[in-house]
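Undergrad: To start, I am sharing the structure in question, which I have written as structure tokens.
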Amino acid sequence: MKKQYSDDNETRGFMLQAFDHATDEMMNDETKAEALQLARLYVGNPDMTESSPLFALMSGFLMGMYEGMRIADTLNAAAAEQAAQ
């Protein structure tokens, strides 16, 4: 049985705040340009702007990928340290 949230708006608000926080912390001019380029390539629209919903989706994708790589690097470093002991 699926977990039911008492207030979907509260959950949605929390997720949006988390996304905004991650965007503020992780997105800089370089990563924004990369997200915009990926979004433009994906739909074939070279004139797409940062106001497009697809830009937000690509930004989320990039943040997830970067975090995944950071976590993998941390786990690899911990495994290497453990193996060296």
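The values are calculated or read from the model by the stated rules, or taken from the named source; none is laboratory data. Since the model is a prediction, treat every value here as computed from it, not as a measurement. No Cβ is skipped: glycine too gets one built from the backbone with ideal geometry, and neighbour counts run over all protein chains shown.
Undergrad: Could you list, ordered by first residue, the pairs with Cβ atoms under 7 Å in which the first is in segment 22-46 and under 15 Å from M65 (Cα atoms) and the second is among the small types (G, A, S) and assigned to a helix (DSSP H, G or I), at least 6 apart or interchain?
TA: Short answer, once both residue conditions are applied: T23/S59; M27/S59; A35/S59.
Undergrad: Now for a separate question. Return the pairs, sorted by first residue and then second, in which the second residue is assigned to a helix (DSSP H, G or I), the first residue lies in segment 70-85 and is of a type in the set (V, I, T), the beta carbons are less than 9 Å apart, and the residues are 6+ apart or on different chains.
TA: Every condition considered, no pair remains.
Undergrad: A further question on this structure: For segment 8-25, check the following and say yes or no: at least one residue is outside any helix (DSSP H, G or I) and either at pLDDT 90 or above or not aromatic (F, W, Y) (or both).
TA: No; the residues of segment 8-25 include none that is outside any helix (DSSP H, G or I) and either at pLDDT 90 or above or not aromatic (F, W, Y) (or both).
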